[in-house]
Amino acid sequence: MRVLRLLLGMLAGTAVGLLLCVLANWLTPAGNIVVTLPSMAFVPVCVGFIAAWVWKPLDLGIWWTLLHSLSCTVISLAAAALIFREGTICLIILSPIVYFGIVAGALAARLWFHFKRDRLNLLLAPVFALAVVAEPALRAEHRSVVVDQIQIAAPPSKVW
């Protein structure tokens with residue numbers, strides 16, 4: 001039963017993370033389908049938060065939370081590879097960010113749900129999820145031009 005609850009937490013967290021990524025990409029304007037730093041940080045935090053919410057009855061210690069967050073990271077990266085067709089190098093580079101985001105979310109939820117305010121906590125969780133989904137739609141488009149120029153203080157005959 002414990003293993004099933006752990007696996008359910010990992011899968012629920014990953015499913016919410018995938019849903020947030022799909023919604024963020026759907027809400028982003030057509031020419032700008034890039035999920036940048038805020039989404040890249042908030043989505044793993046939400047994954048860890050949801051996983052820890054499911055794990056709450058197990059009363060995991062900090063070390064077990066860290067270990068199961070690592071398993072959750074592996075499942076999330078595998079899902080990204082299968083569903084979004086991310087490359088291996090990209091996943092390796094991104095894995096520390098995903099892991100520490102999931103750990104941050106899991107530890108925050110562990111602290112959050114430690115107190116007996118379950119109804120209030122459950123009502124605030126969708127607000128945080130909505131913030132992750134709405135963030136890409138509220139981005140201001142900015143354009144800038146970077147120009148590199150090399151100036152040589154010599155006549156063309158000496159340069160060529």
_How far apart, in nanometres, would the label points at Val127 and Arg2 be if each is projected 7 angstrom from Cα along the Cα-to-Cβ direction?_
3.5 nm
*So how much slack lies between His114 and Phe100, counting 0.36 nm per residue of separation and subtracting their Cα-Cα distance, in nm?*
3.0 nm
*Could you order Ser71, Ser144 so the one with the most accessible surface comes first? Probe is 1.4 Å.*
Ser144, Ser71
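The values are calculated or read from the model by the stated rules, or taken from the named source; none is laboratory data. Remember, predicted model here, so these are calculated numbers, not experimental data. Heads up, the Cβs are rebuilt from the backbone with ideal geometry, glycines too, and the neighbour counts pull from every protein chain shown. To get the accessible areas, we keep the full protein, side chains included, count just its heavy atoms, and leave off ligands, DNA and RNA. Shrake-Rupley method; radii C 1.70, N 1.55, O 1.52, S 1.80 Å.
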